[in-house]
Amino acid sequence: MKKQTLTLISRRSLNDEVFGLTFAGAEPMRPGQFVELSVDGGYLRRPISVADSRGDELTLIVKKVGKGTREMAEWQPGRKVSALTSLGNGFGTDASRPLLIGGGIGCAPLYMLARTFAERGVRPTVVLAFGSADQIYFEREFGDFGNVIVATDDGSRGIRGNAVDAVRAEGLSEGNGFDRYYACGPLPMLRALAAWSGAGELSLEARMGCGFGACMGCSVKTADGYARVCKEGPVFPAASLIWE
């Protein structure tokens, strides 16, 4: 963990509810790690997954879901932001046939992972699942690094159904299409994926008080006891999580 002051250098809208922020002044981060940003009037920092990290530039993809994220959507280039960076453990990158599975805003932290694999000469299969076609973002960007499969709940684009429906429709299974999968998205999606295959890594979301393991407020049950999403996670082996 490191406390840094970041400078916003660009902001762009990706759809009606999702936007991208790129900051300068950050230390390099690993795929799957997250940051916590201060917002005006907020007692707690907002945890945001890292979409990309190149040199000292950091890109976040944020969905407007509350007062803090709606305030972020109005930030202008040049703004200084207090941040805790390099939080969490991140994804592994040792798969030879990786499958990346994202649901909604959970697609964001998979982007740097896809780029990392591609730069090593490994082209992943990427499943991007959204509610409808107008919610899709970064399809073309993921396509630069992997083979993209899109699913929408209402069937307005790609496969009709959710992320789990998409992997089943494509006939993907361990040993047939991938040797390890990496996923981030809504908890029901992650739970269904863990039941489908234990050969994966799941990035969990949780309400966090501190973001660095002091308050124990984001603990989840694993085969090795309770673990903190912000410290031992947010990425956990799928087979290690105990769902209750």
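The values are calculated or read from the model by the stated rules, or taken from the named source; none is laboratory data. Since this is a predicted model, take the numbers as computed values, not measurements. Every residue, glycine among them, receives a Cβ derived from its backbone with ideal geometry; neighbour counts consider all protein chains shown. SASA here: full protein model, heavy atoms, side chains in, ligands and nucleic acids out. Shrake-Rupley method; radii C 1.70, N 1.55, O 1.52, S 1.80 Å.
With N denoting the number of residues in the chain, provide Rg(C-alpha) divided by 2.2 N^0.38 Å, to two decimal places.
Relative to the rule-of-thumb radius for its length, the chain sits at 0.96.
Go through Lys3/Lys231; Lys2/Lys221; Lys67/Lys221 and tell me which ones have a Cα-Cα distance over 22 Å in this structure.
Lys2/Lys221; Lys67/Lys221
So how tilted is helix 110-119 from the main axis of the chain? Cα-based, degrees 0 to 90, rounded to 10.
Around 70 degrees separate the two axes.
How far is it, in nm, from the label point at Ala73 to the one at Ala206 when both lie 7 Å from their Cα along the line to the Cβ?
For the pair Ala73/Ala206, the computed spacing is 2.9 nm.
Using Cα pairs closer than 8 Å and at least 6 residues apart in sequence, work out the relative contact order for the chain, in percent.
It rounds to 18 percent for the chain.
Would you list Leu84, Leu44 from the most to the least accessible area, probe 1.4 Å?
From most accessible down to least: Leu44, Leu84.
Ranked from the most accessible area to the least, with a 1.4 Å probe and all protein chains present, what is the order of Ile61, Ile9?
From most exposed to least exposed: Ile9, Ile61.
Tell me, what does the Kirkwood hydrodynamic radius of segment 57-147 come to in angstroms if you use every pair of distinct C-alpha atoms?
15.0 Å
What number comes out for the charge environment of Gly161, summing +1 per Lys or Arg and -1 per Asp or Glu over other residues with Cβ under 14 Å away?
Value of the local net charge: -1.
For the chain, which whole-number percentage of the solvent-accessible area (1.4 Å probe, protein heavy atoms only) is attributable to carbon and sulfur atoms?
Roughly 47 percent, rounded to a whole number.
Per residue, how much accessible area does the chain have with a 1.4 Å probe, in Å²?
Value for the chain: 44 Å² per residue.
Angle check, please: helix 187-196 long axis (alpha carbons) against the longest principal axis of the chain (alpha carbons), in degrees 0 to 90, nearest 10.
Its long axis makes an angle of about 30 degrees.
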